[in-house]
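The values are calculated or read from the model by the stated rules, or taken from the named source; none is laboratory data. This structure is a prediction, so every number in the text was calculated from the model and none was measured. Cβ: placed from backbone, ideal geometry, glycine included. Neighbour counts: every protein chain shown. Just so you know, the surface numbers come from the protein's heavy atoms only, side chains and all, with ligands and any DNA or RNA stripped out. Shrake-Rupley method; radii C 1.70, N 1.55, O 1.52, S 1.80 Å.
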2 protein chains.
Amino acid sequence: MDIAKLREAHPDHWMRAAAIRTLTLDAVAAANSGHSGMPMGMADVATVLFSKHLKFDAAAPTWPDRDRFILSAGHGSMLIYSLLYLTGHKEMPISQIKNFRQMGAKTAGHPENFLLDGVETTTGPLGQGIANAVGFAMAEEALRARFGSKLQDHYTWCFAGDGCLMEGVSHEAIALAGRQKLGKLVVFWDNNNITIDGEVTISDRTDQVQRFKAAGWHVQSVDGHDPEEIDAAIAAAKKSQKPSMIACKTHIALGHAAQDTSKGHGALTNADQLVAAKKNYGVDWGPFEVAADVKSWWEEVGSHGRKSRVEWEARLEEQSDRRRTEFTRVFAGEAPKKLAATIKALKRQISETKPKVATRAASQTVLEVINPVMPETFGGSADLTGSNNTLTADLGVFDEKNRKGRYVYYGIREHGMAAAMNGLSLHGGLRPYGGTFFCFTDYARPAMRLSALMKTPVTYVMTHDSIGLGEDGPTHQPVEHLAICRATPNTLTIRPCDTVETAEAWELALTSQSTPTVLVLTRQGLPTLRTEHKNNNLVSKGAYVLAEAEGKREAIIIATGSEVHLAMQARETLQSAGIGTRVVSMPSMELFAEQDDAYRRKVLPAGPVRVGVEAGVRAAGWDRWLLGERGREAKQAFVGMTDFGASAPAEELFEKYGITADNIVAQVKGLIG
Amino acid sequence: MDIAKLREAHPDHWMRAAAIRTLTLDAVAAANSGHSGMPMGMADVATVLFSKHLKFDAAAPTWPDRDRFILSAGHGSMLIYSLLYLTGHKEMPISQIKNFRQMGAKTAGHPENFLLDGVETTTGPLGQGIANAVGFAMAEEALRARFGSKLQDHYTWCFAGDGCLMEGVSHEAIALAGRQKLGKLVVFWDNNNITIDGEVTISDRTDQVQRFKAAGWHVQSVDGHDPEEIDAAIAAAKKSQKPSMIACKTHIALGHAAQDTSKGHGALTNADQLVAAKKNYGVDWGPFEVAADVKSWWEEVGSHGRKSRVEWEARLEEQSDRRRTEFTRVFAGEAPKKLAATIKALKRQISETKPKVATRAASQTVLEVINPVMPETFGGSADLTGSNNTLTADLGVFDEKNRKGRYVYYGIREHGMAAAMNGLSLHGGLRPYGGTFFCFTDYARPAMRLSALMKTPVTYVMTHDSIGLGEDGPTHQPVEHLAICRATPNTLTIRPCDTVETAEAWELALTSQSTPTVLVLTRQGLPTLRTEHKNNNLVSKGAYVLAEAEGKREAIIIATGSEVHLAMQARETLQSAGIGTRVVSMPSMELFAEQDDAYRRKVLPAGPVRVGVEAGVRAAGWDRWLLGERGREAKQAFVGMTDFGASAPAEELFEKYGITADNIVAQVKGLIG
């Protein structure tokens, strides 16, 4: 690569892009870790994008109508940090760059949305960013349709590397974007032919251009170091009605001794090579320095969007009070005032009509009343609409012909759906929910973990939650998935036992500001157990006494979801035998763990024997409640699963695995002795 | 669709294929559940493939050189069951078909490899089968290179639906197969334009032909109901040096009232419509019946391969004793006799040299001695070879130029790698292992669950197992992943504390016959703690006393992996303070749980206070050991993580989260009071 030739061809551009490269080299060298090569390779594309096309105002990084920039190749985090510093982002003084990857810095190893405005989404796990970007672009279309182009009209830009494009989730994202004709989404492929193990060709020979075309994208190829080619391609991409991919031929770690090698992917820390690279670039500034004219040019770039932003604010002011308030409310993620009353009215009605329905059907009942009063809900399913009960009458289907639709046919793409929902949520203005079978949280797992880490209040509607699924057999019968969700920090797992608890669960999900919720719902019908109306949301306590012991309290049965009615049946038998039995419904272990000691002891007092019942593995958090939090409280037993299930009618499976009222009774009697 | 025209065009073929269709309709109707449409749509392709091309012998379904047939669209399980019944598979009498989806039947809702020879792999979770098929095809290439085409020379055939092709894992599989030029892999796409939610076009408009071409495949398109077109395409596919995709335009639920609708995907149980469909087909046989001439034709098909099989057996006999024994050994999945001695010798050496290395490096040390004595190991990494330490000097890289290579550059495809490893293992003759960061088990999770369900003894080499990863931050720092692995049935999770335990862990992994193993390994260096050589494999007990208390035993510290040396440091301090402290190393909770009561009580006696230490969440099974299995044994505390980690140097993170010897000491002292 003839660096001198590049410098000469576009001398001003060269020095501006060089600032990204030298800051990256300096920061990585100081941290003695990180990834130098990607920012160095994509600096030219970033410089053109940020200076000529990206609508942003460094002084207002959360302005709702800004363009969104997503670095899917998150290991190249110094690209973002350099750009934020150069353009004058207030949270990015040079001290942050100097503190790259150190304790407490906003400049984390990978960009973290919760640490820094200006980072739209946490990236690092490859492929997530491009799939988030699809959600961002859908959100823009939906909100433009709802609020008009005066309030929403922006692009979503994404940088993706070979790693992102090899990950399966990229396929789901690309196909979904192509189907949805997301014309304001532009992906730049950092085509540098290098991965950690060597040249890309040792593991991949995909023709990415042909691949994106096959998915319905507008595709261009450019020299990723030629600012004019880049600029022209971006201009063309903006005009396309299809999502655009720009294949940028780049050199990883451009101008460094490690250029075009897998070594160049990682931390380039050799001091002599660093000096040589800077010499190569023709810069004479010291570590963490940038020439004053270059810095001021970049700061000017950082204020390019100020006018647009101020005009946008004026347009927002011009809206009717109602419209402005509504826009502001949905972007703040606040539930409408009507929600609480709507839920209460439904609960009261249900406690009277006492339907016997599956909790997945209960969930639809709730959505039927919520969706009309909460226009920011944005539903969907991974091709299981009728099974997940996620579509309600008034939503309409979101597609290129109907951007006002609020329901997405995500296709058989659980992972892409979850990652898109993260993007929808992070964009602001929408509250996404999406369904699949609980067992297939496995497919969505990387994005579900990121919901928790990024604090996106997405709702996962997970139906067919146990062997109660029946004949489809063990590939479709979750047994360890409650354990997975409960073990994941900042994930609210709720397994309601009837329609009333389902309504309370939805209320918690839709008022959450920073925690994703997993609703764990049955395929099979369940009786209404909450037949006495309470205004309070009992699920919010995590666990509560559903039925008190009569006479001396000898046993406590703790159950969740579809096993609560078995506990109630068992209680009846036990009471008949003179054994005073309390039933505790425990829809959410996480919420119960958050209650104070006194409440927990009140619900689970020491003394009586304890039997836990759940059609899943005991490892899903049961030891704490059964052995007793202080480890000396009760004799105990667990009725549940120890292995994968089997293919047979659901009722027979519950018999086979001993998850029955009879067995609960036997366990209690055995413990009492 | 003019059924009469199809019948007339190929009357004999028609009736043979109709047998698949009517058995499917009868079985689903009897079960009142299942999926009728797919077998009805693909019956013609299956009939041509099985009768004219598939090398198989119904009397010997596990013959090592048979062609492999994989139904990736596993919900269409009646396709396989019909074919096995028709061709005379001994485990598939008509009673099994009548018992479809019932308790104890081999005809489970989705095909289960562990229930039935003839089912090569469990399918149902979409996309898995096609990704398994890539592993099967790689295995064939590798074994043909090792043992010659006299012993290994077969095709791998796969039926995949739109669901399979929408799932991200299909992208990883297709790209890997294209890169590896797996010429003996043929995929049939059931192109029926229907998913559960409606027409495919509501969620997908991918040009699949162009997509497969972009991945380097040979692609043809045929009418999936024209036996001549199908036959010609298969013949051409067999000649191609690339993997082949045959796009088969089909009609789901052909000839039934629900044809070409999403209703046709599921259970078609209406009695009148069933009769009408049979009339449409021109068959007059009753429920679960097939005309005698059709059945005998199919039985003849089932014996087509008998001659090949007998000839193959003769060729095996002609091999040298050594070669035949070796072939038989690797297909039986038996470890070589040398393995045990090799491991012992290494352990002895390590206990003397006492290296201070990361357990990932320890793992490489073990592989360096194992791989030469165990030629069936087949390694790889998802683009983290240098980080996972999975490549040893003698393996060689497996690709189209070197089929004797035993190491695969899987690319950034954790999910595709895991699914391919399932195929490699199920094929027989190889023992696959593959590496990625422990956090990215998230990406591989659906296939890892299937390893457990299918009982494939795959080894997952999962490095960078905690906040010890350091600066890359929380997206790369597993905290809940031990919980996930431990909660999954039939999954052996081992987190060794030093090189000796790592060697013992590998020995268990490589001698496992029916359980996958997850090796959980550190990035950071650890001292050798097992400095006294023992011939016995102590890891096999799950937990054991690493250091006994001196004086009165007042405390037990239980730790795993990188925290065991912290426990040892804490013990030293406590002993100095006169507090008798036992340290228990617990590399595998699963194995410890399998020991008898007496052993468990010996290791963890009631009385002393207990402190558990692990750089992960307590929910990963700790309550059982800390609260005590009988819930009344000890005061206890846990030193670990409660939230996601952060980006900073590893040592600072251990300080920040209090996972230190000092804190362990403080906890013990606090409990003793």
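Amide H contacts under 5 Å for B:Asn193: none, restricted to partners 5 or more places along the chain or on a different chain, H placed in the peptide plane at 1.01 Å from N.
The modelled label-to-label distance for the pair A:Ala606/A:Lys307, using points 7 Å beyond Cα in the direction of Cβ, is 7.4 nm.
All other residues with a Cβ under 10 Å from the Cβ of B:Gly645 taken together, and with Lys, Arg as +1 and Asp, Glu as -1, what is their net charge?
Result for the local shell: -1.
Restricting to chain B, what percent of DSSP beta bridges are antiparallel, rounded to 5? Here the antiparallel bridges make up roughly 10 percent for chain B.
Of the chymotrypsin sites (Phe, Trp or Tyr not before Pro) found in region A:78-157, those that fall in a DSSP loop while having at most 16 other beta-carbon atoms within 10 Å are A:Phe114. The length gained on full extension between B:Lys656 and B:Gln241, counted as 0.36 nm times the residue separation minus their Cα-Cα distance, comes to 143.8 nm. Note on B:482-491: average number of Cβ atoms from other chains within 10 Å of each residue's Cβ is 6. For the residues of B:635-644, the average number of beta carbons from a partner chain within 10 Å of their own beta carbon is 2. Each residue of region B:43-52 was assigned a 3J(HN,Hα) from its phi angle through the Karplus expression (A = 6.51, B = -1.76, C = 1.60, θ = phi - 60°), giving 4, 5, 4, 4, 5, 5, 4, 5, 8, 10 Hz with x at Gly and Pro. Distance between the 7 Å Cα→Cβ label points at A:Asp321 and A:Ala666: 6.8 nm. Rolling a 1.4 Å probe across the protein heavy atoms gives the protein assembly as shown an accessible surface of 31 Å² per residue. 3J(HN,Hα) couplings calculated from phi for region A:160-165 with the Karplus curve 6.51 cos²θ - 1.76 cosθ + 1.60 (θ = phi - 60°) are, in sequence order, 10, x, 4, x, 4, 7 Hz; Gly and Pro show x.
Rounded to the nearest 10 degrees, the inclination of helix B:77-87 to the longest alpha-carbon principal axis of chain B is 60 degrees.
In chain A, the portion of solvent-accessible area held by carbon and sulfur atoms comes to 48 percent [1.4 Å probe, whole percent, DNA, RNA and ligands not counted]. When the P(r) of region A:50-199 is calculated, the portion above 26 Å amounts to 27% of the C-alpha pairs.
With contacts defined as alpha carbon pairs under 8 Å and 6 or more residues apart, what's the relative contact order of chain B in percent?
12 percent.
B:Ala619 sits among other residues whose Cβ lies under 14 Å from its own Cβ, and their net charge, with Lys and Arg +1 and Asp and Glu -1, is -2. Per residue, the convex hull spanned by the Cα atoms of region A:503-582 amounts to 109 cubic angstrom. Compactness of region A:117-176 is given as radius of gyration and Dmax, 12.9, 38 Å, from Cα positions.
Principal-axis analysis of the Cα atoms of chain B puts helix B:306-318 at an angle of about 40° to the longest axis. Just so you know, the averaged projected area of the alpha carbon convex hull for the protein assembly as shown sits at 49.2 nm². Considering all different alpha carbon pairs of region A:599-673, the Kirkwood hydrodynamic radius works out to 13.4 Å.
By a 1.4 Å probe calculation restricted to protein chains, A:Glu376 has an accessible surface near 10 Å², given to the nearest 10. Legend: mean number of C-beta atoms from other chains within 10 angstrom of residue C-beta atoms, peptide B:440-449, equals 6. Of B:Ser585, B:Ser425, the order by accessible heavy-atom surface (1.4 Å probe, DNA, RNA and ligands excluded), from most exposed downward, is B:Ser425, B:Ser585. Multiplying the residue separation of A:Ala257 and A:Thr353 by 0.36 nm and removing their Cα-Cα distance gives an extension gain of 27.1 nm.
Between B:Glu572 and A:Tyr599, the FRET efficiency estimated from the beta carbon spacing at R0 = 60 angstrom works out to 0.90. Remark on region A:185-226: accessible area falls by at least 50 square angstrom from chain-alone to full-complex state for A:Ile196, A:Asp197, A:Ile202, A:Ser203, A:Arg205, A:Gln210, A:Ala214, probe 1.4 angstrom. Between this copy and the others, label points of B:Arg553 are 3.7 nm apart in ascending order, each placed 7 angstrom from Cα in the Cβ direction. Between A:Val408 and A:Gly379, A:Gly380, A:Ser381, A:Phe398, the built amide H atoms are under 5 Å apart, and every one of these is 5 or more places off in sequence or on another chain. Compared with the dominant Cα axis of chain A, that is its longest principal axis, helix A:564-576 is turned about 20°.
Farthest towards the positive end of the charge dipole of region B:209-364, among the residues B:Ala340, B:Ser240, B:Gly305, is the Cα of B:Ala340, using unit charges on the Cβ of Lys, Arg, Asp and Glu.
Interface residues of region A:451-474, defined as those with an accessible-area decrease of at least 30 Å² between the chain by itself and the complete set of protein chains (probe 1.4 Å), are A:Leu453, A:Glu471, A:Asp472, A:Pro474. For A:Gly396, the distances from its label point to the matching points in the remaining copies are 6.4 nm, ordered from shortest, with each point set 7 Å beyond Cα toward Cβ.
Cα centroid separation, region B:473-539 to region A:1-64: 42 Å. Computed from phi, the 3J(HN,Hα) profile of region B:23-29 under the Karplus parametrisation 6.51, -1.76, 1.60 (θ = phi - 60°) reads 4, 4, 4, 5, 5, 5, 4 Hz, with x in place of Gly and Pro. Applying 0.36 nm per residue to the separation of A:Asn535 and A:Asn193 and subtracting their alpha-carbon distance, the gain on full extension is 117.0 nm.
Give me the Å³ per residue figure for the convex hull around the C-alpha atoms of region B:220-339. Hull volume over Cα atoms, normalised by residue count, gives 235 Å³. What percent antiparallel are the DSSP beta bridges of the protein assembly as shown, to the nearest 5? About 10 percent, rounded to the nearest 5.
Under conditions of 4 °C and 1.567 mPa s, chain A yields 48 µm² s⁻¹ as its translational diffusion coefficient, taking Rh as the Kirkwood radius over Cα pairs in the Stokes-Einstein equation. Quick check: Cα centre of region B:201-240 to Cα centre of region A:597-639, how many Å? About 57 Å separates the Cα centre of region B:201-240 from the one of region A:597-639. Spin-label model, A:Ser514 to A:Lys552: label points 7 Å out along the Cα-to-beta-carbon direction sit 4.9 nm apart. Taking all Cα pairs closer than 8 Å and separated by 6 or more residues, the relative contact order of region A:386-432 comes to 19 percent. Protein-only accessible surface at a 1.4 angstrom probe places the residues B:Thr353, A:Thr342 in the order B:Thr353, A:Thr342, largest first. Total buried accessible area between A and B, probe 1.4 Å, nearest 100: 8100 Å². For region A:158-178, a decrease in accessible area of 10 Å² or greater in the assembled protein chains relative to the isolated chain, with a 1.4 Å probe, applies to A:Gly163, A:Met166, A:Glu167, A:Gly168, A:His171, A:Glu172, A:Ala175.
Relative to the other identical copies, B:Ala340 shows label-point distances of 7.0 nm, where the label point lies 7 Å from Cα along the Cβ direction and values run shortest first. Spherically averaged projected area of the convex hull of Cα atoms, region A:139-232: 7.2 nm².
Taking all protein chains together and rolling a 1.4 Å probe, A:Cys164 ends up with roughly 0 Å² accessible. State the percent of C-alpha pairs, over all pairs in region B:330-458, separated by a distance greater than 27 angstrom. The calculated P(r) of region B:330-458 puts 19 percent of pairs beyond 27 Å. Residues whose amide H lies under 5 Å from that of B:Thr493, counting only those 5 or more places away or on a different chain, are B:Val518, B:Glu590; hydrogens are built 1.01 Å from N in the peptide plane.
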